[in-house]
Amino acid sequence: MTPPKQTYTYDIRNSLSKNLFRGFWRMMTGFRHYYFIAVLMLAGSALMNTSSFLLVRHFVDNILPTGDVARLAPFVGLGFVLLAGGQGLFSFLSGRFASKTAEGLALRLRDAMYDHIQRLSFTYHDNMQTGELLSRATSDLDAIRRFFSEQAIGVGRILLLFTINFIAIAFLNIQLALISIIVVPFIAGLSFFFFGRISRLYEHLQEQEAKVATTLQENLSGVRVVKAFNRQDYERVKFDKEIFEHYRRGRGFLVMHALFWPLSDVLVFGQIIGGYFVGATLVINGTLSIGSYLAYVSLLGQLINPMRNLGRLIVDMSTGVVSYKRMMEVIGQEQESLVDGSHKPDGDLHGDIVFKDVSFQYNADTPVLYDVDFSVKAGQSVALLGSTGSGKTSVVSLIPRFYDYTSGSITIDGIELRDIPRGYLRGQVGVVEQEPFLFSRTIRDNITFSVSREVSEEEVIAAAKAAAVHDVIMTFPDGYNTLVGERGVTLSGGQKQRVVLARALLKNPRILILDDATSSVDSETEDEIRQALLRLMKGRTSFIIAHRIQTVMHADLILVFDKGRIVQRGNHNQLMREEGIYRQIFDLQSRIDEEVEKEATDVLGLPV
Ligand code: CTP
Ligand code: MG
């Protein structure tokens, strides 16, 4: 079944409001009529119910005394059956529409939340923990679903039952009706008193739940590290601490609930007994008929029980309210626009890139790039070299606008980068990230992930060959259909890197960014990839980050970074003539190579 249209056409950000009622009301857009039908059906059901008590009264007061019971009893019996049947039918319909409202809203919310989360900025995801987002998208969302399926309908139901039964009692005896609702303000007061307390406790509980989710998620992602360092006990203690805190807060929350119930019960039962007593007195005085009294006893239950439930509802609503706030905190975050920027070039980019005095910082206090200044012609290659943390990844992250630079200017084909829409730009750039990530899907799905169009088998194979991974894939029993990751054959680090490389190559981008893309590949394979890349990089601008001189020496421009600044620039020959980091690295690496060679021949007697 395809999801209903309103799942996608409503922008969930419209539900943002400081005023909770307005927020919930807006959230119900497209579902309000179902909600009202549900409440209306409830009214029908309540009316049938109340009528059956009035029928009791009629039977006792008007039919029994006539002595004509034998003739009329079947009609009365039929009346009861019809009322009960009607009540059942209405109640079923009400439930049906209520679930349509609540589940429909939950479906839309889940969808919107998921879509929203994946459109938030890189910076947001850098700072937000996955477990925190997970708990908002699951546990909080469920509390909102319950709010609509139980509490929102419940409120309508209670108000209706109260009104209908109050009118029915007033019809029997007005004085009795007024006495029967003395307890209402007390229950309302008590509920509001607990509402504040319980919502605070619930908020604390949800915060802790997010912490537990984060700990669990991190622990599962890092399970290899935990096992490798034998830190299971340590992790367990850490987790125990979090879940114990969860237990403690959960207990506090339930104790508050447990306190509320007996208190409200005392009030409710006091009211009922008082009501019975006053009613009985009226009967003895002769003001009230026996039939009316019988009807009253039932109606009073119907009037007061909802009051009792109102308390529960108000208290339960606090969870929905807290969860709404927590979800809206995420929804309120600005999405990263993919269509911003006034200048969308027609067709593909050429690829001339100019950095001019670019500075950048991830957060307010620590700049990571200072005055980065270089230019590259379309089709040329730039290599970035430098110690760890010197800012290489940061420089290339600016090109697809993963982050926006703080000052200076970057232009592509003469257009300021900020003016080029992110969506278009990212379509032109292929990135192999420093930490390769593969989805738990087949190898083919992972390679074709980079493009949205249909891809032929030949294209996939060509990309895999260029990344020197085709032969490896063919050794797997399922070939390109091999499942990667958790459920399938897990690839080695180097294989993973090459699959990711194939993914970027398949896209055939104008600008190619390879961040340490061959770090886990042996030198022979790297050579193979380099040859393929040299062919592929023709005509496109490419950025290569690597630690081995051999990988970067063929680049048209080599930039050496240190602490966020370019400290050396030029091609291999130029840099070799200069004193500086580049030659130091070159000497060091050649010395290591020589030593390895020497050791191999001297000690092991192996030719290299
Ligand atoms: N940094 C940060 N927030 C991020 C990523 C990086 O504050 N989301 C900081 C790091 O702490 C580092 C600086 O930015 O001090 C530069 O990081 P990066 O550009 O990733 O360094 P690289 O040169 O790529 O280092 P490596 O060789 O280790 O990949
Ligand atoms: Mg890096």
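The values are calculated or read from the model by the stated rules, or taken from the named source; none is laboratory data. Treat the numbers as computed from the prediction; the structure is a model and nothing was measured. No Cβ is skipped: glycine too gets one built from the backbone with ideal geometry, and neighbour counts run over all protein chains shown. Keep in mind that these areas ignore ligands, DNA and RNA; they rest on the heavy atoms of the full protein, side chains included. Shrake-Rupley method; radii C 1.70, N 1.55, O 1.52, S 1.80 Å.
Name every residue in region 523-549 that is away from ligand 1 (no atom under 16 Å from the Cβ), outside any helix (DSSP H, G or I) and farther than 22 Å from PHE437 by Cβ, in order of residue number. So that I can check it myself, show each step before the final result.
Taking region 523-549 and keeping what is away from ligand 1 (no atom under 16 Å from the Cβ), we get 523-542.
Add one more test, that the residue is outside any helix (DSSP H, G or I), and what stays is 537-542.
Selection gives MET537, LYS538, GLY539, ARG540, THR541.
Of SER375, SER390, SER381, which residue is in contact (Cβ under 8 Å) with a residue 12 or more places away in the chain and under 30 Å from MET128 (Cβ atoms)?
Numbers: SER375 fails: under 30 Å from MET128 (Cβ atoms); SER381 fails: under 30 Å from MET128 (Cβ atoms).
The match here is SER390.
(1) open to solvent by less than 70 Å² (accessible area, probe 1.4 Å); (2) within 16 Å of ligand 1 (Cβ to nearest atom); (3) out of contact with any strand residue (DSSP E or B) (no Cβ under 7 Å at 6 or more places or on another chain): which one isn't true of MET576, the others all being true?
(2)
Anything in region 466-517 that is within 16 Å of ligand 1 (Cβ to nearest atom) and out of contact with any strand residue (DSSP E or B) (no Cβ under 9 Å at 6 or more places or on another chain)? List them, or say none. Step through it out loud before you land on a result.
Pass one, region 466-517, residues within 16 Å of ligand 1 (Cβ to nearest atom): 493, 497, 500, 513-517.
Once the filter is applied, which keeps residues that are within 16 Å of ligand 1 (Cβ to nearest atom) and out of contact with any strand residue (DSSP E or B) (no Cβ under 9 Å at 6 or more places or on another chain), region 466-517 yields only GLY493.
Output the residue which, of all residues in region 513-524 that are of a type outside the set (A, V, I, L, M, F, W, C) and more than 16 Å from ligand 2 (Cβ to nearest atom), is farthest from THR388 (Cα to Cα). Can you show your working first?
Taking region 513-524 as the starting set, the residues that turn out to be of a type outside the set (A, V, I, L, M, F, W, C) are 515-516, 518-520, 522-524.
Now restrict to residues that are more than 16 Å from ligand 2 (Cβ to nearest atom): 522-524.
Numbers: ASP522: 21, SER523: 21, GLU524: 24 Å.
Looking at the filtered set, the residue picked out is GLU524.
Contact list please: Cβ distance under 8 Å, first residue in region 431-458 and touching a residue at least 24 places away in the same chain (Cβ under 8 Å), second residue in a loop (DSSP other than H, G, I, E, B) and within 16 Å of ligand 2 (Cβ to nearest atom), pairs at least six apart or on different chains.
VAL431/PRO400; VAL432/ALA517; GLN434/ASP516
Show me the strands (runs of 3 or more DSSP E) found entirely inside region 350-440 where at least 3 residues are more than 28 Å from GLY539 (Cβ to Cβ) and within 13 Å of ligand 1 (Cβ to nearest atom).
Details: elements: 353-361, 367-376, 381-386, 407-412, 429-432.
It comes to 353-361, 367-376.
Only one residue in ILE447, ILE513 is under 27 Å from VAL560 (Cβ atoms) and in the same structural domain as THR393 (by TED's automatic domain parsing), so which one is that?
Details: ILE447 fails: under 27 Å from VAL560 (Cβ atoms).
Criteria check complete, one pass: ILE513.
Tell me, yes or no, whether region 368-381 has at least one residue that is open to solvent by 30 Å² or more (accessible area, probe 1.4 Å), at pLDDT below 90 and in contact with a helix residue (DSSP H, G or I) (Cβ under 8 Å, 6 or more places away or on another chain).
Scanning region 368-381 turns up no residue that is open to solvent by 30 Å² or more (accessible area, probe 1.4 Å), at pLDDT below 90 and in contact with a helix residue (DSSP H, G or I) (Cβ under 8 Å, 6 or more places away or on another chain).
The conditions are (1) assigned to a loop (DSSP other than H, G, I, E, B); (2) among the aliphatic types (A, V, I, L, M); (3) at pLDDT 90 or above, and ALA468 fails exactly one of them. Which is it?
Result: ALA468 passes all but (3).
May I ask you to list the residues in region 113-135 that are touching an Asp or Glu at 6+ places or on another chain (Cβ under 8 Å) and away from ligand 1 (no atom under 16 Å from the Cβ)?
ARG119, GLY131, SER135
Return the only residue of ARG487, ARG498 being under 29 Å from LEU349 (Cβ atoms), at pLDDT below 90 and of a type in the set (Lys, Arg). First the steps, then the outcome.
Working: ARG487 fails: under 29 Å from LEU349 (Cβ atoms).
Among ARG487, ARG498, only ARG498 is under 29 Å from LEU349 (Cβ atoms), at pLDDT below 90 and of a type in the set (Lys, Arg).
Within region 507-561, restricting attention to residues that are closer than 27 Å to ASP348 by Cβ and acidic (Asp, Glu), which residue is most open to solvent (accessible area, probe 1.4 Å)?
ASP556
Against the definition (surrounded by 16 or more Cβ atoms within 10 Å (Cβ to Cβ) and part of a helix (DSSP H, G or I)), how does GLY270 come out, yes or no?
Numbers: surrounded by 16 or more Cβ atoms within 10 Å (Cβ to Cβ): no; part of a helix (DSSP H, G or I): yes.
No.
Could you tell me whether THR29 is in a loop (DSSP other than H, G, I, E, B) and not aliphatic (A, V, I, L, M)?
Numbers: in a loop (DSSP other than H, G, I, E, B): yes; not aliphatic (A, V, I, L, M): yes.
Criteria met by THR29.
Restricting the search to region 377-419, which residues are away from ligand 2 (no atom under 16 Å from the Cβ), in contact with a Lys or Arg (Cβ under 7 Å, 6 or more places away or on another chain) and closer than 18 Å to LYS356 by Cα?
Within region 377-419, the first condition is being away from ligand 2 (no atom under 16 Å from the Cβ), and the residues that meet it are 377-381, 401, 404-419.
Next, from what is left, pick out any that are in contact with a Lys or Arg (Cβ under 7 Å, 6 or more places away or on another chain): 379, 401, 404, 408-409, 417.
Answer for region 377-419, where residues must be away from ligand 2 (no atom under 16 Å from the Cβ), in contact with a Lys or Arg (Cβ under 7 Å, 6 or more places away or on another chain) and closer than 18 Å to LYS356 by Cα: ARG401, ASP404, GLY408, SER409, LEU417.
Residue-wise test of (1) within 16 Å of ligand 2 (Cβ to nearest atom); (2) within 30 Å of SER375 (Cβ to Cβ).
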{"residue": "LEU505", "(1), (2)": "no, yes"}
{"residue": "ILE511", "(1), (2)": "no, yes"}
{"residue": "ILE549", "(1), (2)": "no, yes"}
{"residue": "PHE561", "(1), (2)": "yes, yes"}
{"residue": "THR601", "(1), (2)": "no, no"}
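For residues in region 275-289 being of a type outside the set (Ser, Thr, Tyr) and either at pLDDT below 90 or in contact with a Ser or Thr (Cβ under 6 Å, 6 or more places away or on another chain) (or both), which is most open to solvent (accessible area, probe 1.4 Å)? Let's see the steps before the verdict.
Of region 275-289, the ones of a type outside the set (Ser, Thr, Tyr) are 275, 277-280, 282-286, 288.
With the extra rule that they be either at pLDDT below 90 or in contact with a Ser or Thr (Cβ under 6 Å, 6 or more places away or on another chain) (or both), the set shrinks to 275, 286, 288.
Numbers: GLY275: 0, GLY286: 61, LEU288: 12 Å².
Among those that are of a type outside the set (Ser, Thr, Tyr) and either at pLDDT below 90 or in contact with a Ser or Thr (Cβ under 6 Å, 6 or more places away or on another chain) (or both), it is GLY286.
Can you tell me which residues in region 277-290 are within 12 Å of ASN173 (Cβ to Cβ) and part of a helix (DSSP H, G or I)? If you could, list the steps in order and put the result at the bottom.
In the first step, residues of region 277-290 are kept if they are within 12 Å of ASN173 (Cβ to Cβ); the result is 278-279, 281-283, 285, 287-289.
The answer is VAL278, GLY279, THR281, LEU282, VAL283, ASN285.
On the given criteria, is LEU294 part of a helix (DSSP H, G or I), touching a residue at least 24 places away in the same chain (Cβ under 8 Å) and under 27 Å from ILE144 (Cα atoms)?
Values: part of a helix (DSSP H, G or I): yes; touching a residue at least 24 places away in the same chain (Cβ under 8 Å): yes; under 27 Å from ILE144 (Cα atoms): no.
Here the answer is no, as LEU294 does not meet what is asked.
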